[in-house]
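A.B. asks: Sharing a structure with you now.
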2 protein chains.
Amino acid sequence: MSARAGIIVTGTEVLSGRITDKNGPWVSARLLELGVDVAHITICGDRPDDLTAQLDFLTAQGVDLIVTTGGLGPTADDLTVAVVADFAGLALHADPALEARIGERVRDWQKRSGAVSDEAATRAGIHKQALVPEGAQPIPPVGTAPGVAIGAGARDGRVPAILILPGPPRELQGMWRDALAFPAVVDALSGRGDYRQETIRAYGLREAELAATLRDAQNSVDVFDDLEITTCMRGGEVEIVTRFETAAQPAYSELSDVLRAAHGRQIFSTDGSTLGDLVAGALTGRRIATAESCTGGLVAARLTDRAGSSAYVMGGVVSYANDVKTGLLDVPAEMIAEHGAVSEPVAAAMADGALRRLDTDTAVSTTGIAGPDGGSPEKPVGTVCFGIAVAGRPTATFTRRFPGDRTTVRALATTAALHLLLDALS
Amino acid sequence: MSARAGIIVTGTEVLSGRITDKNGPWVSARLLELGVDVAHITICGDRPDDLTAQLDFLTAQGVDLIVTTGGLGPTADDLTVAVVADFAGLALHADPALEARIGERVRDWQKRSGAVSDEAATRAGIHKQALVPEGAQPIPPVGTAPGVAIGAGARDGRVPAILILPGPPRELQGMWRDALAFPAVVDALSGRGDYRQETIRAYGLREAELAATLRDAQNSVDVFDDLEITTCMRGGEVEIVTRFETAAQPAYSELSDVLRAAHGRQIFSTDGSTLGDLVAGALTGRRIATAESCTGGLVAARLTDRAGSSAYVMGGVVSYANDVKTGLLDVPAEMIAEHGAVSEPVAAAMADGALRRLDTDTAVSTTGIAGPDGGSPEKPVGTVCFGIAVAGRPTATFTRRFPGDRTTVRALATTAALHLLLDALS
């Protein structure tokens with residue numbers, strides 16, 4: 001049996017849907033990588049009773065480790081340490097060394113920012129952040145909030161190990177490696193299994209087709225039930241993630257063969273690499289430009305979100321208005337008048353114009369109708385034309401029709417542009 | 001007392017952190033708007049026992065309504081309806097009318113997509129999706145999966161009302177309005193209070209300064225405790241959301257006055273409008289162009305994510321390479337050599353060039369070091385220069401230094417660009 005964990009995400013801003021939680025998914029993915037089985041993620045607001053109820057729930061579920069995120073700031077609504085201590089029946093005491101360390105960081109920040117703060121309130125905040133439950137270990141802060149590691153065994157052995165981490169993702173992630181080394185955490189995770197996780201990614205594959213293949217595999221693959229398979233559709237891509245104990249590797253190899261035989265044309269990655277990884281690899285040694293209409297800069301933003309992308313991304317033009325298509329990309333005004341801005345000839349001319357104007361050997365263009373207005377019977381909302389220009393080859397064009405609202409159409413078109421680019425370069 | 005709700009998000013892909021859940025936050029925000037108090041969001045994988053445990057937990061917490069999302073597809077890992085029915089002690093039966101309706105949609109999709117599917121498997125999938133717990137109401141599908149509304153009272157009155165919704169956000173959101181009209185849901189929410197929620201947004205305000213103001217307000221504002229205040233830092237903005245019963249309006253007005261007196265300069269919205277709303281308003285009747293280096297298209301993408309933005313966004317240039325700054329934006333190569341690409345003179349020249357080349361009356365530019373490489377002692381990673389050009393005025397420039405990794409710097413710089421633009425236009 002693998003070690004089991006539960007994650008509690010605190011914060012009214014997360015519970016109320018005003019911000020998207022990044023910590024639950026991040027911690028969960030890290031624990032899974034370690035071979036820990038994550039059973040539950042729960043989200044609660046800044047209310048002591050609700051947090052206590054969730055601690056109680058996860059304890060009753062028999063998890064080996066509870067990880068909490070958030071609620072470690074100096075303000076009154078930050079109450080995680082106090083509530084956890086109360087739940088575990090541990091008194092809080094101030095840690096003078098920790099208090100001095102947090103004090104230094106706060107003073108330093110005040111000096112740099114020039115903020116004028118009430119001295120008594122600042123001292124109270126620092127003191128509060130330096131409170132540690134009896135027998136627990138503080139984890140050195142990345143920002144001003146330290147984490148806390150509590151060993152299993154409180155309340156006559158009923159309470160599992162609890163790892164308390166701060167809410168800002170940068171602080172939490174910066175503390176993670178340190179946190180894993182604390183004995184409380186090491187002991188809790190000692191029962192973890194020797195698991196592997198493999199990912200296959202496909203584009204243009206319907207979930208229903210995949211489901212049919214998996215049903216067949218259930219009969220053909222030996223010990224299929226040793227594989228925990230989840231499939232997920234995202235942005236037009238299907239991700240097939242399989243988790244298994246190392247001993248089940250032969251079963252996974254069989255499954256992988258079945259999937260490749262059935263959907264080899266749509267599968268673009270079997271080693272965990274993402275579309276971004278593959279596009280970056282294909283562009284190495286090349287120079288690319290973008291010419292975007294409906295995607296409005298999203299293709300350029302995706303290409304440049306990788307460190308080091310300035311080696312191959314020269315830049316691009318967002319030609320939202322027809323005048324800009326003509327003025328900066330040399331698309332003939334008559335061509336736009338004849339075929340419409342959303343047409344394959346215009347997509348080709350945009351890509352060619354970007355290639356020439358930005359002096360590159362590769363260019364990708366998009367022009368489409370993101371909606372909600374602007375559709376017609378022949379070119380409904382969701383219609384997007386693409387152009388792929390590669391020096392020394394005829395420019396290729398494509399038309400796709402995407403479902404969904406404006407945001408969805410723009411996102412699907414961006415992903416499609418990168419897949420068309422990848423296909424052209426491989 | 002307000003009606004209370006809990007939300008269960010199902011799906012191993014969400015629990016494992018591979019995809020970001022959009023449904024929990026969306027349903028939570030909608031319920032809060034209705035005056036319903038959301039106590040817990042829980043996330044579980046596609047395992048019957050874990051889902052049952054969460055249903056049990058929320059029931060024990062005494063919520064009036066449980067909303068589940070996901071797990072309604074035709075495949076074997078989609079098990080929400082069966083698990084909920086078992087939990088509530090209700091037998092499942094097939095609904096022939098529903099089965100016919102789902103069948104039509106599936107056949108229609110098969111025809112359009114040309115997919116070849118195993119007939120028996122397809123029929124089994126349709127039959128599965130048409131199973132409804134005894135006494136429950138199916139909610140018409142938006143995709144192929146119907147929702148289900150179960151009235152409170154199962155298992156001798158112990159089980160609250162349960163609303164089962166599909167996982168794809170488009171289907172869930174498309175079903176929401178219908179779902180709210182079902183008697184099971186209407187009855188569960190009948191106890192909801194008459195709540196208001198107000199939002200104040202500020203930019204450039206430190207959370208610690210705000211915390212000090214709120215501590216003061218605690219003494220000065222009458223019946224301060226009737227206000228449920230949460231503050232949240234996001235992308236350099238602070239959002240102060242206050243929820244209160246209608247009767248506490250005077251207390252909220254007092255709080256709002258205190259905040260305006262202390263942070264009037266940083267507060268940019270008190271009526272719920274977002275930066276995007278305000279920028280769109282300020283650009284009405286104008287024509288804008290972007291010139292981006294480090295943000296790589298994100299500013300253009302943010303400006304064009306709104307329907308109707310083509311009325312004022314002409315387009316932009318992503319000038320990642322210096323040659324593109326010179327070739328498409330007329331930034332003198334000598335200026336780049338003298339001041340560096342990340343400098344206020346270059347930011348000004350980029351904005352001016354975009355204004356001229358795209359024939360607009362407004363332009364915004366960014367040039368900076370997103371990292372992880374490229375920093376220097378004088379211009380460390382995170383340094384970003386901005387230019388704001390408005391026809392008939394001298395072009396203004398600004399330099400900011402942002403913390404965090406590449407993604408964070410790019411996001412903070414994009415938000416900063418829009419705030420500088422808004423300031424210039426108001």
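A.B. asks: As an exercise: evaluate residue B:364 against (1) among the β-branched types (Val, Ile, Thr); (2) within 14 Å of chain A (Cβ to nearest Cβ); (3) under 17 Å from residue A:310 (Cβ atoms); (4) surrounded by 24 or more Cβ atoms within 10 Å (Cβ to Cβ) and give the number of the one condition it does not meet.
C.D. replies: Every condition holds for residue B:364 apart from (3).
A.B. asks: Another one. Which residue pairs have Cβ atoms under 6 Å apart, sit 6 or more places apart or on different chains, and have a first residue in the range A:390-418 that is surrounded by fewer than 17 Cβ atoms within 10 Å (Cβ to Cβ) and a second that is polar (S, T, N, Q)?
C.D. replies: Note: pairs meeting the criteria are A:401/A:383.
A.B. asks: Only one residue in B:303, B:298, B:329 is under 18 Å from residue B:352 (Cβ atoms) and surrounded by 23 or more Cβ atoms within 10 Å (Cβ to Cβ), so which one is that?
C.D. replies: Criteria check complete, one pass: B:329.
Residues checked against (1) open to solvent by 10 Å² or more (accessible area, probe 1.4 Å); (2) within 14 Å of chain B (Cβ to nearest Cβ); (3) more than 30 Å from residue A:240 (Cβ to Cβ):
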site	(1), (2), (3)
A:348	yes, no, yes
A:355	yes, yes, yes
A:371	no, yes, yes
A:377	yes, no, yes
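A.B. asks: For residue B:410, work out the one condition from (1) more than 30 Å from residue A:168 (Cβ to Cβ); (2) assigned to a helix (DSSP H, G or I); (3) basic (Lys, Arg) it doesn't fulfil.
C.D. replies: (1)
A.B. asks: Please go through the range A:33-50 and give me each residue that is open to solvent by 10 Å² or more (accessible area, probe 1.4 Å) and either more than 16 Å from residue B:43 (Cβ to Cβ) or more than 8 Å from chain B (Cβ to nearest Cβ) (or both), ordered by number.
C.D. replies: Within the range A:33-50, A:33, A:34, A:37, A:46, A:47, A:48, A:49 meet the criteria.
A.B. asks: Consider the range A:324-345. How many of its residues are charged (D, E, K, R) and in contact with a Lys or Arg (Cβ under 8 Å, 6 or more places away or on another chain)?
C.D. replies: Residues that pass the stated criteria total 1.
A.B. asks: Here is a follow-up. Does residue B:317 fit the bill of being among the hydrophobic types (A, V, I, L, M, F, W, C), at the interface with chain A (Cβ under 7 Å from one of its Cβ atoms) and touching a residue at least 12 places away in the same chain (Cβ under 8 Å)?
C.D. replies: yes
A.B. asks: Just wondering, is there one or more residues in the range B:63-73 that are facing chain A (nearest Cβ under 9 Å) and polar (S, T, N, Q)?
C.D. replies: Looking through the range B:63-73, none of the residues is facing chain A (nearest Cβ under 9 Å) and polar (S, T, N, Q).
A.B. asks: Among the residues of the range B:264-279, is any in contact with a Pro (Cβ under 9 Å, 6 or more places away or on another chain) and under 27 Å from residue A:405 (Cα atoms)?
C.D. replies: no
Matching residues to (1) among the charged types (D, E, K, R); (2) in contact with a Cys (Cβ under 7 Å, 6 or more places away or on another chain); (3) open to solvent by 40 Å² or more (accessible area, probe 1.4 Å):
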residue	(1), (2), (3)
B:12	no, no, no
B:19	no, yes, no
B:24	no, no, no
B:31	no, no, no
B:52	no, no, yes
B:56	yes, no, yes
B:63	no, no, no
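A.B. asks: From the list B:21, B:50, pick out the single residue that is at negative phi, without any contact (Cβ under 8 Å) to a residue 12 or more places away in the chain and not aliphatic (A, V, I, L, M).
C.D. replies: B:50
A.B. asks: For the range A:221-246, what are the residues that are open to solvent by 20 Å² or more (accessible area, probe 1.4 Å) and at pLDDT 90 or above?
C.D. replies: Scanning the range A:221-246 gives a single hit, A:237.
A.B. asks: Would it be correct to say that residue B:308 is under 21 Å from residue B:419 (Cα atoms), facing chain A (nearest Cβ under 8 Å) and either at pLDDT below 95 or surrounded by fewer than 17 Cβ atoms within 10 Å (Cβ to Cβ) (or both)?
C.D. replies: Here the answer is yes, as residue B:308 does meet what is asked.
A.B. asks: Of (1) within 12 Å of chain B (Cβ to nearest Cβ); (2) in contact (Cβ under 8 Å) with a residue 60 or more places away in the chain; (3) surrounded by 24 or more Cβ atoms within 10 Å (Cβ to Cβ), residue A:359 satisfies all except one. Which?
C.D. replies: With respect to (1) within 12 Å of chain B (Cβ to nearest Cβ); (2) in contact (Cβ under 8 Å) with a residue 60 or more places away in the chain; (3) surrounded by 24 or more Cβ atoms within 10 Å (Cβ to Cβ), residue A:359 is out only on (3).
A.B. asks: Inside the range B:333-351, can you point out the residues that are out of contact with any helix residue (DSSP H, G or I) (no Cβ under 7 Å at 6 or more places or on another chain) and under 24 Å from residue A:355 (Cα atoms)?
C.D. replies: Within the range B:333-351, just B:351 meets the criteria.
A.B. asks: To continue, here is another question. Just one of the numbered conditions (1) open to solvent by 30 Å² or more (accessible area, probe 1.4 Å); (2) within 26 Å of the chain's Cα centre (by Cα); (3) in contact (Cβ under 8 Å) with a residue 12 or more places away in the chain is not true of residue A:344; which one?
C.D. replies: (2)
A.B. asks: Just to be sure I understand, how many residues within the range B:207-240 are under 23 Å from residue A:16 (Cα atoms), in contact (Cβ under 8 Å) with a residue 40 or more places away in the chain and among the small types (Gly, Ala, Ser)?
C.D. replies: Final tally of qualifying residues: 2.
A.B. asks: Among (1) in a strand (DSSP E or B); (2) open to solvent by 20 Å² or more (accessible area, probe 1.4 Å), where does residue B:68 come up short?
C.D. replies: Status for residue B:68: all satisfied but (2).
A.B. asks: Sticking with this structure for a sec: Taking the range B:83-93, which residues are in contact with a helix residue (DSSP H, G or I) (Cβ under 6 Å, 6 or more places away or on another chain), open to solvent by 40 Å² or more (accessible area, probe 1.4 Å) and free of Cβ contacts under 8 Å to residues at least 60 places away in the same chain?
C.D. replies: Result: B:92, single match.
A.B. asks: Give the range B:385-401 a look and list any residue that's touching a Ser or Thr at 6+ places or on another chain (Cβ under 6 Å) and of a type in the set (A, V, I, L, M), or say none.
C.D. replies: The answer is B:389, B:390.
A.B. asks: Condition test on residue B:234, is it over 30 Å from residue B:359 (Cβ atoms) and at the interface with another protein chain (Cβ under 8 Å from one of its Cβ atoms)?
C.D. replies: Yes: the conditions hold for residue B:234.
A.B. asks: Filter the range B:329-355 for residues that are farther than 24 Å from residue A:305 by Cα and touching a Leu at 6+ places or on another chain (Cβ under 9 Å) and give the result.
C.D. replies: Within the range B:329-355, B:349, B:352, B:353 meet the criteria.
A.B. asks: Criterion first (open to solvent by less than 10 Å² (accessible area, probe 1.4 Å) and either within 25 Å of residue B:142 (Cβ to Cβ) or touching a residue at least 24 places away in the same chain (Cβ under 8 Å) (or both)) does residue B:80 satisfy it?
C.D. replies: So residue B:80 passes the test.
A.B. asks: Among the residues of the range B:1-16, are any under 29 Å from residue A:403 (Cα atoms), without any contact (Cβ under 8 Å) to a residue 12 or more places away in the chain and charged (D, E, K, R)?
C.D. replies: Checking the range B:1-16: at least one residue is under 29 Å from residue A:403 (Cα atoms), without any contact (Cβ under 8 Å) to a residue 12 or more places away in the chain and charged (D, E, K, R).
A.B. asks: Next question. Any residue that is more than 10 Å from chain B (Cβ to nearest Cβ), open to solvent by 50 Å² or more (accessible area, probe 1.4 Å), more than 27 Å from residue A:209 (Cβ to Cβ) and in contact (Cβ under 8 Å) with a residue 12 or more places away in the chain - is there at least one of those in the range A:251-273?
C.D. replies: no
A.B. asks: Continuing with this model, one more query. Hey, residue B:218 hits all of (1) in contact with a helix residue (DSSP H, G or I) (Cβ under 6 Å, 6 or more places away or on another chain); (2) within 11 Å of chain A (Cβ to nearest Cβ); (3) outside any helix (DSSP H, G or I); (4) not aliphatic (A, V, I, L, M) but one; which does it fall short on?
C.D. replies: Of (1) in contact with a helix residue (DSSP H, G or I) (Cβ under 6 Å, 6 or more places away or on another chain); (2) within 11 Å of chain A (Cβ to nearest Cβ); (3) outside any helix (DSSP H, G or I); (4) not aliphatic (A, V, I, L, M), only one is false for residue B:218: (3).
The values are calculated or read from the model by the stated rules, or taken from the named source; none is laboratory data. As the structure is a computational prediction, the values presented were derived from the model and not from experiment. For neighbour counting, all protein chains shown are included, and Cβ atoms are generated from backbone atoms with ideal geometry for every residue, glycine included. These accessible areas exclude ligands, DNA and RNA; they are computed on the full protein's heavy atoms, side chains included. Shrake-Rupley method; radii C 1.70, N 1.55, O 1.52, S 1.80 Å.
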